[in-house]
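Undergrad: Got a structure for you, questions after.
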Amino acid sequence: LEKPVVAAAVKFLPLIEAARLVRMYEPLPRFPAVRRDLSVIVDEPVTWKQISDAVCGIDQPLRQSLAYVRTYRGKPVATGRKSVTLTLEYRAADRTLRGEEVDSQVEQIVAALAKDFSAELRS
């Protein structure tokens with residue numbers, strides 16, 4: 001043989017017995033989500049985990065998700081700083097959200113990031 005060989009034996013019966021065979025589902029949402037992308041400029045040492053923890057620490061029942069998009073370094077962002085882009089998604093189970101509702105939630109996040117990390121919104 002020209003390449004290493006690997007062999008394995010898998011006992012499927014214990015896996016099948018341990019598996020949850022009950023199908024679980026959630027109905028599709030009736031109302032659309034509202035997405036907001038934010039680009040904030042923070043100091044270079046600030047990590048995504050710190051930003052994520054700060055955002056998740058804010059009680060916002062309408063926020064459905066938070067996702068990292070990208071990090072940008074370079075002009076016009078000053079040396080020693082970086083721009084971090086994130087996506088926030090909001091949804092209500094009983095109605096379509098109004099822009100004002102979501103905007104106030106986003107402003108809360110921007111204020112918290114400014115306080116915790118001296119973050120500025122990137123224009």
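The values are calculated or read from the model by the stated rules, or taken from the named source; none is laboratory data. Predicted model, so just to flag it, every value in this text is computed and none were measured. These area figures cover heavy atoms from the full protein model, side chains too; ligands, DNA and RNA do not enter into them. Shrake-Rupley method; radii C 1.70, N 1.55, O 1.52, S 1.80 Å.
Undergrad: What number, rounded to the nearest 500 deg cm²/dmol, is the helix-based mean residue ellipticity at 222 nm of the chain, given -39500 (n - 2.57) per DSSP H run of at least four residues and division by all its residues? Could the numbers behind the result be given before it?
TA: On the way: 3 runs with 35 residues, N = 123.
My calculation for the chain gives -9000 deg cm²/dmol from helical runs alone.
Undergrad: Please work out the average accessible area per residue across segment 1-106, using the 1.4 Å probe convention, and give it in Å².
TA: Values: 8170 Å² over 106 residues.
Counting only protein heavy atoms, the per-residue value for segment 1-106 is 77 Å².
Undergrad: Which lysines does Lys115 reach when only Cα atoms under 27 Å apart count, and residues fewer than 8 places away in its own chain are ignored?
TA: Lys49, Lys75, Lys82
Undergrad: While we're looking at this one, here's another question. Would you mind pulling out the separation of the Cα centroids of segment 1-28 and segment 42-95, in Å?
TA: Cα centroid to Cα centroid, the span is 36 Å.
Undergrad: Next up: In the Gaussian network model of the chain, springs joining C-alpha atoms below 10 Å, which of Ile16, Ile109, Ile51 carries the largest mean-square fluctuation?
TA: Of the options given, Ile16 has the highest mean-square fluctuation.
Undergrad: Any idea what angle helix 99-117 forms with the longest principal axis of the chain, computed on alpha-carbon atoms, 0 to 90 degrees, nearest 10?
TA: Helix 99-117 and the main axis of the chain meet at about 90 degrees.
Undergrad: Rolling a 1.4 angstrom probe over the protein chains, ignoring ligands and nucleic acids, what is the accessible area of Lys49 in square angstrom, nearest 10?
TA: 130
Undergrad: Only Cα pairs within less than 10 Å get springs; with that Gaussian network setup on the chain, which residue of Val84, Val42, Val22 has the largest fluctuation?
TA: Val22
Undergrad: Please list Asp53, Asp59, Asp43 in order of solvent-accessible area, largest first, computed with a 1.4 Å probe with all protein chains present.
TA: The ordering from most to least exposed comes out as Asp59, Asp53, Asp43.
Undergrad: Normalise the Debye intensity by I(0) for the chain, one equal point scatterer per Cα, no solvent, then take log10 at q = 0.10, 0.12, 0.14 Å⁻¹ and round to two decimals.
TA: Treating every Cα as an identical point scatterer, log10 I(q)/I(0) equals -0.52, -0.62, -0.71.
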